[in-house]
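**Student:** This is the structure I want to talk about, given as structure tokens.
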Amino acid sequence: MAKYSEHVKIDGNAMVADGVNNGMMKAAAKDDRIIAVLEDMGFPGLGWFKENAPERVIECGIAEANGAVMAAGLAAEGFVPFIHSFAFAVVSRACNQIRQSILQDRFNVKLLGREGAWGEPGISHNHIEIIGITRVMPNLVIVDPADVVEAEKAVMAIAEYIGPVFLKIEASPPPLRIFTEDYPFDLGKAYTVKDGKDATIIACGYMLTESILAGELLEKEGIDVRIINMSTLKPLDNEAVIRAAEETGAIVTAENASIIGGLGEAVATVLSEYSPAPLIRVGIEDEFSQSGRIMPEIDELKTHFGLGAEDVALSVKECMAKRERLKKRK
Amino acid sequence: MAHDEKLISELEEKADIVRRNIFTIFDASQMGHAGGTMSLVEIVTALYFHHLKIDPKNCDWPERDRLVLSKAHCCEAIYAILVELGVLPRETLTTYYRYGSPLQGHADRWCTQGIDYSGGSLGQGLSFAAGLALAEKFKVLRQPPSQSSLMPRYITRYNPLYRSYCILGDGECHEGQVWEAAMFATKYKLDNLINIVDYNKFSLDGPTNEVMQIEPFVDKWKSFGWWVTEIDGHNLREIVDVLDLASNLYGDGKPKCIIAHTVKGHGISSWEAAHTHIGRGEDISRGVREGRAKYGEV
Amino acid sequence: MTEKINCGKCNMLLYFGEEINRRLYMRAIPSEETVLGFYNNTCPRCGGKLTLKTVNIATEGRKKWHTTKS
């Protein structure tokens, strides 16, 4: 068994959405400026809202463009609207609205986007470009929590933070329950799940689960890999990346999204500007997703895209070989 | 409510001053959204100099009336008024479109005092105004009980904390989001929302109804559950009367839409004839010369 | 260029976005103090007092290029 950091205790599986539910209820109970903006896709903690503050539930229907700008209007008057829908609807459908009416004036609107890269709904809903689309927009903070505990803390943290935030909620496969209840979540800060010296896996969202499994596979082969949870994709924790590059010299990024514009590219930018080191980006290549069954024993899309623990472990070994080749050439 | 002749003639004078300021802007920038700005002059003059509850010395007064200019490319008219109200210094008029100017090409809430909405991409203003109107409903709900008990009940019932005004262009109504917002406003009974459509019949590519049919326009708004009326958008008496009427209907649970029939490039014969959307170079100079001859120099 | 403001005591992220002072005539956020004012000059997480001395301000990106004066 690998040696993990003190706030890590791996214990079964749990849905990220449950953590968001809990966090939303706690945040809404604490701050009465929080308003639930629904787009016909339910809302985390809706039961709490209906029971305790039914007037704070605003239903926009399937009109995401109007929902986003209307929320900006609420935020302009000092309220804190949370918009919840599928990621493709809440962000991509209302992309221009978010850019002009929310980000240009830096209104305090929180976007909660469900559904990650894989799941039964298929190509339209499995929105793999979402990080690339949002990462280029100024003023936006992007968070992709890795497990149920982190999701709860992330929702409470973004409610405290004043400014626009996009929170990605992985809806389909339940990730491992990774962190303990006293896990110190910090916006814009990476967390080292496991220390190591041979190579580093930087992961976000669901792929932290696969990275931890990969770490255990590599442990058996005698490779001591460092695992970093980069849950805030923007602003990226440059320090953690640079330190990892200097101390381990081989980096693999893992994300269940397009490798273009995602975590991999963000890390690549930091590496090439501050501390060049070999890098392999594990993610979905430049292609669309599709439907696939997700069950505990078989996850068809994970196999299709090559995002399993074995694939991450293989990439770590490849990256280490790359590092050796580079050393020889010098 | 009948208004006396004095007010109307005062407003007409103000409208001429606003036009002169607009000519100063166009003359300096040699470019501008001439047609839409000129069709808007009387409407914004009536709003700013008579109707809106605003304090030029305190643009961020929480109880001011909000004006969302959804057709933000016609911000020249608003800039001309803000200068006249003393919100912006007069020198800024000649800096429109320039680097470092508080007068940005499209209205920007962060840059310019007295602007409530950053626009540019069309069709979003009505949603924003609906959000502001909804926020007013929330704020009234949350007023501390001590305050409302001091105030007679009819005051809070017939006077909102503030009203939310939106100015839409006619070509903008091709946008689907306008109708999303229209549905939303009806659903939440936003009777503090007053939408004014500057119906100047022309968009950039040609007549609005040929580019994409928006008629029957009044019936459209009616079927969405709005209170609708039509006015002549260049008749100050009609504008002032209808604004008062729409405000006094507060409490009926319906958002209000005022369709103002206007003329693109109103007052300047060459702009009227060409239905100028964006004027550049000689087109602008010719119009400015004609306008100055007609409405006087600054 | 981006700017980041963190609480000096608990490191909570208070502001992330465009560099303050860079967008000209930025009326809504004229200075870093305005951001701290949003939080009533108290860190919502640790309750520490927020002043320009107790927060960490970091800007990122190229600092100077030929078109920039000063």
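**Student:** Helix A:207-220 versus the longest principal axis of chain A: what is the Cα-based angle in degrees, 0 to 90, to the nearest 10?
**Tutor:** Approximately 20 degrees, to the nearest ten.
**Student:** Rank A:Glu255, A:Glu152, A:Glu247 by mean-square fluctuation in a GNM of chain A with C-alpha springs under 10 angstrom and give only the top-ranked residue.
**Tutor:** Per the Cα network of chain A with a 10 Å cutoff, A:Glu247 tops the list.
**Student:** Calculate, in nm to one decimal, what A:Glu273 and A:Ile260 gain on full extension: separation in residues at 0.36 nm each, minus their alpha carbon distance. All intermediate terms of the calculation are to be shown ahead of the outcome.
**Tutor:** Values: separation 13, 0.36 × 13 = 4.68 nm, distance 1.80 nm.
So the extension gain works out to 2.9 nm.
**Student:** A follow-up question, please. Give the calculated FRET efficiency between A:Thr303 and B:Asn235 to the nearest 0.05, with a Förster radius of 45 Å applied to their Cβ-Cβ distance.
**Tutor:** The value I calculate is 0.05.
**Student:** Please compute the length gained on full extension between A:Val136 and A:Lys197, using 0.36 nm multiplied by the number of residues separating them and subtracting their Cα-Cα distance.
**Tutor:** That pair, A:Val136 and A:Lys197, stretches by 18.7 nm at full extension.
**Student:** Please compute the volume of the convex hull spanned by the alpha-carbon atoms of the range B:166-297 and report it per residue in Å³.
**Tutor:** Numbers: hull volume 15.0 nm³, N = 132.
Here the figure is 114 Å³ per residue.
**Student:** Can you pull out the buried accessible area for chains A and C, both sides counted, probe 1.4 Å, rounded to the nearest 100 Å²?
**Tutor:** Values: alone 13690 and 5320 Å², together 17560 Å².
So the total buried area for this chain pair works out to about 1500 Å².
**Student:** What percent of all Cα-Cα pairs in the range A:185-263 falls into each 5 Å bin, going from 0 up to the bin containing the maximum distance?
**Tutor:** 3, 17, 28, 26, 18, 6, 1
**Student:** Sum -39500 (n - 2.57) across every DSSP H segment of at least 4 residues in chain B, then divide by the residue count to get the 222 nm mean residue ellipticity, nearest 500.
**Tutor:** Rounded to the nearest 500, the figure is -13500 deg cm²/dmol.
**Student:** Then there is this: Excluding ligands, DNA and RNA, what is the solvent-accessible area per residue of chain A at a probe of 1.4 Å, expressed in Å²? Mind dumping the intermediate values first?
**Tutor:** Details: 11830 Å² over 330 residues.
Per residue, chain A has 36 Å² of solvent-accessible surface.
**Student:** What is the angle, in °, between the Cα long axis of helix B:236-248 and the longest principal axis of the Cα atoms in chain B? Nearest 10 is fine, range 0 to 90.
**Tutor:** Here the helix axis deviates by roughly 20 degrees.
**Student:** Taking Rh as the Kirkwood radius, which is the inverse of the mean 1/r over Cα pairs, what is the Rg/Rh value for the protein assembly as shown?
**Tutor:** 1.02
**Student:** Taking every Cα atom in the range A:191-329, find the radius of gyration and the maximum pairwise distance Dmax, and write them in Å.
**Tutor:** 14.3, 46
**Student:** Between A:Thr180 and B:Glu91, what is the label-to-label distance in nm when each label sits 7 Å out along the Cα-to-Cβ direction?
**Tutor:** Spacing of the two 7 Å Cα→Cβ label points: 6.4 nm.
**Student:** Along its principal axes, what span do the Cα atoms of the range C:2-60 show, with the longest given first and each in whole Å?
**Tutor:** Rounded to whole Å, the extents work out to 33, 23, 16 Å.
**Student:** Normalised by the number of residues in the range B:1-66, what is the relative contact order in percent for Cα pairs under 8 Å and 6+ residues apart?
**Tutor:** Reported relative contact order: 31 percent.
**Student:** Same structure, new question: For the range A:16-169, state the semi-axes of the equivalent ellipsoid (square roots of 5 times the eigenvalues of the alpha-carbon gyration tensor), sorted largest first and rounded to whole angstrom.
**Tutor:** They are 20, 18, 15 Å, listed from largest to smallest.
**Student:** Among the aspartates and glutamates, which fall within straight-line cross-link reach of B:Lys201, defined as a Cα-Cα distance under 12 Å, with same-chain neighbours fewer than 8 residues apart omitted?
**Tutor:** Result set, ordered by chain and number: B:Asp170, B:Glu172, B:Glu210, B:Glu215, B:Glu272.
**Student:** Once R0 is set to 25 Å, what does the formula 1/(1 + (r/R0)^6) return for the Cβ-Cβ distance between A:Ala53 and B:Val140, expressed as a FRET efficiency to the nearest 0.05? Show your work: numbers first, answer last.
**Tutor:** On the way: r = 16 Å, r/R0 = 0.64.
Efficiency, rounded to the nearest 0.05: 0.95.
**Student:** If you don't mind, another one. Assuming R0 = 51 Å, what is the FRET efficiency of B:Glu12 and C:Asn21, from their Cβ-Cβ distance, to the nearest 0.05?
**Tutor:** 0.75
**Student:** If you project the alpha carbons of the range B:19-78 onto their three principal axes, what span does each projection cover, largest first, in Å?
**Tutor:** 37, 20, 19
**Student:** Check the straight Cα-Cα distances from A:Lys220 and name the lysines below 28 Å, setting aside those fewer than 8 residues away within the same chain.
**Tutor:** A:Lys3, A:Lys9, A:Lys194, A:Lys197, A:Lys302, A:Lys317, A:Lys322, A:Lys327, A:Lys328
**Student:** Just to confirm a number: summing +1 for Lys and Arg and -1 for Asp and Glu over residues other than B:Ile239 whose beta-carbon lies under 9 angstrom from that of B:Ile239, what do you get?
**Tutor:** Values: positive: B:Arg237; negative: B:Glu42, B:Asp232, B:Glu238, B:Asp241.
Cβ neighbours under 9 Å give a net charge of -3.
**Student:** Another question about this same structure. Evaluate the Debye formula for chain A with equal point scatterers sitting on the alpha carbons, no solvent, and hand back log10 of I(q)/I(0) at q = 0.10 Å⁻¹, in q order, two decimals.
**Tutor:** The Cα Debye sum returns log10 ratios of -0.55.
**Student:** Rounded to the nearest 100 Å², what is the sum over both chains of accessible area buried where C meets B, with a probe of 1.4 Å?
**Tutor:** Heavy-atom accessible area buried at this interface is about 900 Å².
**Student:** Can you pull the percent of the range A:16-169's accessible area that's carbon plus sulfur, 1.4 Å probe, other chains left in place?
**Tutor:** Looking at the range A:16-169 in its full context, I get 53 percent from C and S.
**Student:** Mean residue ellipticity at 222 nm from the helices of chain A, using -39,500 (n - 2.57) per DSSP H segment of n ≥ 4 over the full residue count, to the nearest 500 deg cm²/dmol?
**Tutor:** Taking each H run of at least 4 residues, the total per residue is -11000 deg cm²/dmol.
**Student:** Then there's this: Over the range C:2-60, what is the relative contact order in whole percent, taking alpha-carbon pairs under 8 Å and six or more residues apart?
**Tutor:** Dividing the mean separation by the residue count of the range C:2-60 yields 44 percent.
**Student:** When Lys and Arg each count +1 and Asp and Glu each count -1, what net charge do the other residues less than 15 Å away from B:Met31, Cβ to Cβ, add up to? Before the final figure, lay out each step's value.
**Tutor:** On the way: positive: B:Arg98, B:Arg280, B:Arg286; negative: B:Asp27, B:Glu76, B:Glu282, B:Asp283.
With Lys, Arg at +1 and Asp, Glu at -1, the neighbours total -1.
**Student:** Sticking with this one: Taking chain B, how much of its Cα-Cα pair set, in percent, is spaced more than 28 angstrom apart?
**Tutor:** 35 percent
The values are calculated or read from the model by the stated rules, or taken from the named source; none is laboratory data. Bear in mind the structure is a predicted one, so any value in this text is a computation, not a measurement. Cβ atoms come from the backbone with ideal geometry, glycine included; neighbour counts cover every protein chain shown. Side chains included, ligands, DNA and RNA excluded: accessible areas come from the protein's heavy atoms. Shrake-Rupley method; radii C 1.70, N 1.55, O 1.52, S 1.80 Å.
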